[in-house]
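Beneath this line is the structure, given in structure tokens, with notes to follow.
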Amino acid sequence: MAARKPLIAGNWKMFGRATDLGEIAALAERVGAAGDKVEALICPPSAYVQSAAWQARGKAVAIGAQDCSAVAEDGARTGEVSAAMLADAGARYVIVGHSERRTLQGETDDLVRQKAEAVLAAGITPIVCVGETRAERDAGRVAKVIGAQVRNSVPTAGAGAVIAYEPVWCIGGDRTPTLAEIGEVHALIRSVLNERFGAEANGMRILYGGSVGPKNAGEIFTVDGVDGALVGRASLKAADFSAIILAHPAAS
Ligand code: PEP
């Protein structure tokens, strides 16, 4: 089986302005030749996807988006942005089902799956986020919650998808699960993918996300089954994000 190329994705959330797009060139410069071995991805707000893709042209940094419409076809849907439009603007990935959207916008597994289907229909790759709350972990429900999210949010034709395991209680704070806990959930996700997609699951990458930074990235990347990271705050500045990318064993 060919090794999965690590993917380290930055989610800029609703931060940044056009002047911050200079971080993309700075990132490419800092990452240098490691960019061939570890895939670096920046997902800016949708307003900046096209300019970001322009800044990233010819560089070892891919550009993605943070969300899209669940509707694949063009139509009268004021304010919506389709996956096809994002692909046209230069996005190669779209994050779907981030916990902030599940919580703040009430997005369900069903809606997340429709969004992932729209991304696949546009010929690009969904990054499907799953993760338990602290209360669900404390109640011993991690396997049940994550298993259901992977079964119901990843489309049947989703063997090309990337999965991001992001424990909700670790996003935007300073807590992470233990390395053993991260390994357990990644193994669980891998077994659900194997069950659903058979041999095709071997190529599917599973990222860890939630308070990853330059200090803890190296140890998280040693966990069996972790194929990279989804990074929020620490992806905004090239200095921090490049340190995370360069902490991956494949980068050296
Ligand atoms: C995220 O937004 O997906 C995330 C993991 O955020 P942070 O790295 O800031 O915890």
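Can you name the residue in segment 73-117 that is within 16 Å of the ligand (Cβ to nearest atom) and not in a helix (DSSP H, G or I) and is also surrounded by the most Cβ atoms within 10 Å (Cβ to Cβ) among such residues? It comes out as Val96. In the set (1) at pLDDT 95 or above; (2) charged (D, E, K, R); (3) surrounded by fewer than 19 Cβ atoms within 10 Å (Cβ to Cβ), Asp174 fails one condition alone, (1).
Criterion applied to Pro177, Pro214 was being outside any helix (DSSP H, G or I) and farther than 30 Å from Glu29 by Cα, and the one residue passing it is Pro177. Whether any residue in segment 42-50 is surrounded by fewer than 16 Cβ atoms within 10 Å (Cβ to Cβ) and without any contact (Cβ under 8 Å) to a residue 40 or more places away in the chain is what I want to check. Scanning segment 42-50 turns up at least one residue that is surrounded by fewer than 16 Cβ atoms within 10 Å (Cβ to Cβ) and without any contact (Cβ under 8 Å) to a residue 40 or more places away in the chain. Return the residues of segment 1-25 that are more than 12 Å from the chain's Cα centre (by Cα), within 18 Å of Ala217 (Cβ to Cβ) and surrounded by fewer than 23 Cβ atoms within 10 Å (Cβ to Cβ); say none if nothing qualifies. The answer is Arg4, Lys5. Quick check on segment 191-215: of everything there that is over 16 Å from the mean Cα position of the chain (by Cα) and more than 19 Å from Ala157 (Cβ to Cβ), which residue is farthest from the ligand (Cβ to nearest atom)? Once the filter is applied, the top-ranked residue is Ser191. Selection within segment 217-252: residues that are more than 21 Å from Cys43 (Cα to Cα) and assigned to a loop (DSSP other than H, G, I, E, B). The member of this set that is nearest to the ligand (Cβ to nearest atom) is Val223.
I'm checking my understanding of the structure. Among residues of segment 150-171 that are hydroxyl-bearing (Ser, Thr, Tyr) and crowded, with 18+ Cβ neighbours inside 10 Å, which one is farthest from the ligand (Cβ to nearest atom)?
Step one: list which residues in segment 150-171 are hydroxyl-bearing (Ser, Thr, Tyr), which gives 153, 156, 165.
From what is left, the residues that are crowded, with 18+ Cβ neighbours inside 10 Å are 153, 165.
Numbers: Ser153: 15, Tyr165: 10 Å.
Filtering first and then ranking leaves Ser153.
Cβ-Cβ distances below 6 Å connect the following pairs, each with a first residue in segment 194-213 that is under 24 Å from His248 (Cβ atoms), a second residue that is more than 16 Å from the ligand (Cβ to nearest atom) and polar (S, T, N, Q), and a separation of six or more residues or different chains: Ala201/Asn194. From the list Gly16, Gly58, the lone residue that is within 16 Å of the ligand (Cβ to nearest atom), modelled with pLDDT of 95 or more, part of a loop (DSSP other than H, G, I, E, B) and of a type in the set (Gly, Ala, Ser) is Gly16.
The values are calculated or read from the model by the stated rules, or taken from the named source; none is laboratory data. Not measured: the values here are computed from a predicted model. Reconstructed Cβ throughout: ideal geometry from the backbone, glycine too, with neighbour counts over all protein chains shown.
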